[in-house]
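Following: one structure in structure tokens, then a few remarks.
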Amino acid sequence: MRALSLLLPLLLLALPAAWAAPAATPFLEVDSPGAASSHVDGPLLEIEGHGGSRRGSGHDVVIAIDVSESSLEDSGMELDGDGPSGETDPELLAWLRDQPGSDRLVRHLLVQDFDDTVLAAELEAARALVARLDPERFRVGVVAFADDARVLAPLGSSRDELASSLHHLPRDLYRESSGTHYQAAIAAAHRVLRPELGVEDDRLRSIVFLSDGAPTRPVHGNRAERYALDAAIAAGKDGIRLFAFAIGPEAEAGLGVLERMAVWTSGRLETVTRPGMIVNRLRELDLVGLTALEVTNTTTGGSARALRVFPDGSFDGFVELQDGRNRLLFRASDQTGGVHEVERQVTYQPASLPAVGAPPVEDPLAAKLRKRRAEIEAWEQVARRRQRKELTVEAEEPAIP
């Protein structure tokens, strides 16, 4: 019996996820230009398409946010830019002071700027992810969990409703406690995502699971872990995949269960050692297994400009053309190891020259490209600043003898 109990965890880790998400069907489709051969009269071409290892008519996502006590510890980064002397928002403190049983929480936030906590990083990351999810393709909901779980925003909430739920979450911290209930979080997300009885569709369904610790509820023995795995199996049977993010050093204790939760649902586990970097990681989240995308004008050798790839595998960008024929090559890699290529031939025939003395007219696509590049560069600057802060923190940490 003892030998079986020691072997059981290994057997469980090796369980197939055949009941989980549908079998992978890798694909790459180019929507614009849609025709194999086309003609344009401008030197700049906007491209659009989508790809990945799974496809569906839409995507339902629940973001599950760990709000347990440990999430109120310092993230190790200056997230809000107010420096080391920054303080928790006085308005938030005033609100919490008026709530029952909040004395300990208020004392903690008097010395710890909330906007620099792990939870603040989780919330900023959730906002960044919501901003990347097209409401026409995605329905999004939000769940918060600690000792228990509750739905902050039901599936299909508008962007304004999602933003409001994330903004007001800190005001409910007095309701939370020190525990971390993975099972309750997964079960709540599962209920939100589960299709109605008798309704069959081809929508993809995912849980984005953010936690800085290991499961601790329900107490006694390894029930917290077993219940979490049972909940993951149940979600997987309904085709729900779980994308887990282990945030910060305290999450190391939960890596084993997080990995199994992800593997058993055909999802993925990512570790984020510095909590402040979760924002960038969620902006780069891949929900469909599109691991790499390259778009090249093989005639000129130039690569696509301002190329963006979104969590559902959709992409857009711009390609510069030369006079005459241009051969465009779209090349995508997916998580199954497959490589997919699509070609387009685009012939650029310049429009007639403007009349002498006519004011110059800017190409609308050029203006769109300039705006797109500015947005991308702004995010890259944020990422670089955070990376520099990460390196600074690492350099300042004393070496362990």
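The values are calculated or read from the model by the stated rules, or taken from the named source; none is laboratory data. What you see is a predicted model; the values in this text were computed from it and never measured. All Cβ positions, glycine included, derive from the backbone under ideal geometry; neighbour counts span all protein chains shown.
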Search result, residues across the stretch 169-216 that are surrounded by fewer than 22 Cβ atoms within 10 Å (Cβ to Cβ), under 21 Å from the mean Cα position of the chain (by Cα) and of a type in the set (G, A, S): A187, A214
Scan the stretch 272-290 and tell me whether some residue there is more than 19 Å from the chain's Cα centre (by Cα) and not aromatic (F, W, Y). no
Name the residue that is surrounded by the fewest Cβ atoms within 10 Å (Cβ to Cβ), counting only residues in the stretch 217-226 that are closer than 17 Å to D66 by Cα and at pLDDT 95 or above. E225
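Looking at L79, L93, which is the one that is touching a Leu at 6+ places or on another chain (Cβ under 8 Å) and aliphatic (A, V, I, L, M)? Let's see the steps before the verdict.
Values: L79 fails: touching a Leu at 6+ places or on another chain (Cβ under 8 Å).
Of L79, L93, the one residue that is touching a Leu at 6+ places or on another chain (Cβ under 8 Å) and aliphatic (A, V, I, L, M) is L93.
When you go through I47, I63 one by one, which is the residue that is modelled with pLDDT of 90 or more, under 21 Å from G239 (Cβ atoms) and not basic (K, R)? Spell out the reasoning first.
Values: I47 fails: under 21 Å from G239 (Cβ atoms).
Unique residue meeting the criteria: I63.
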For the stretch 276-312, what are the residues that are without any contact (Cβ under 8 Å) to a residue 12 or more places away in the chain and either surrounded by 20 or more Cβ atoms within 10 Å (Cβ to Cβ) or closer than 18 Å to V342 by Cβ (or both)? S303
If I go through the stretch 352-369 residue by residue, how many of them are surrounded by 10 or more Cβ atoms within 10 Å (Cβ to Cβ), modelled with pLDDT of 65 or more and out of contact with any strand residue (DSSP E or B) (no Cβ under 9 Å at 6 or more places or on another chain)? 2
Looking only at the stretch 45-83, which residues are assigned to a loop (DSSP other than H, G, I, E, B) and hydroxyl-bearing (S, T, Y)? S53, S57, S68, S75
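Is it true that some residue in the stretch 114-123 is surrounded by fewer than 19 Cβ atoms within 10 Å (Cβ to Cβ) and either aliphatic (A, V, I, L, M) or touching a helix residue (DSSP H, G or I) at 6+ places or on another chain (Cβ under 9 Å) (or both)? Write out each step before concluding.
Filtering the stretch 114-123 down to residues surrounded by fewer than 19 Cβ atoms within 10 Å (Cβ to Cβ) leaves none.
Among the residues of the stretch 114-123, not one is surrounded by fewer than 19 Cβ atoms within 10 Å (Cβ to Cβ) and either aliphatic (A, V, I, L, M) or touching a helix residue (DSSP H, G or I) at 6+ places or on another chain (Cβ under 9 Å) (or both), which makes the answer no.
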Screening Q349, Q345, Q335 for residues that are polar (S, T, N, Q) and at pLDDT 95 or above leaves only Q345
How about the stretch 232-256: which of its residues are surrounded by fewer than 23 Cβ atoms within 10 Å (Cβ to Cβ) and in a helix (DSSP H, G or I)? I233, A234, K237, P249, E250, E252, A253, L255, G256
So if I check each of S38, S5, which one is among the hydroxyl-bearing types (S, T, Y), assigned to a helix (DSSP H, G or I) and either at pLDDT 90 or above or outside the structural domain of R241 (by TED's automatic domain parsing) (or both)? S5
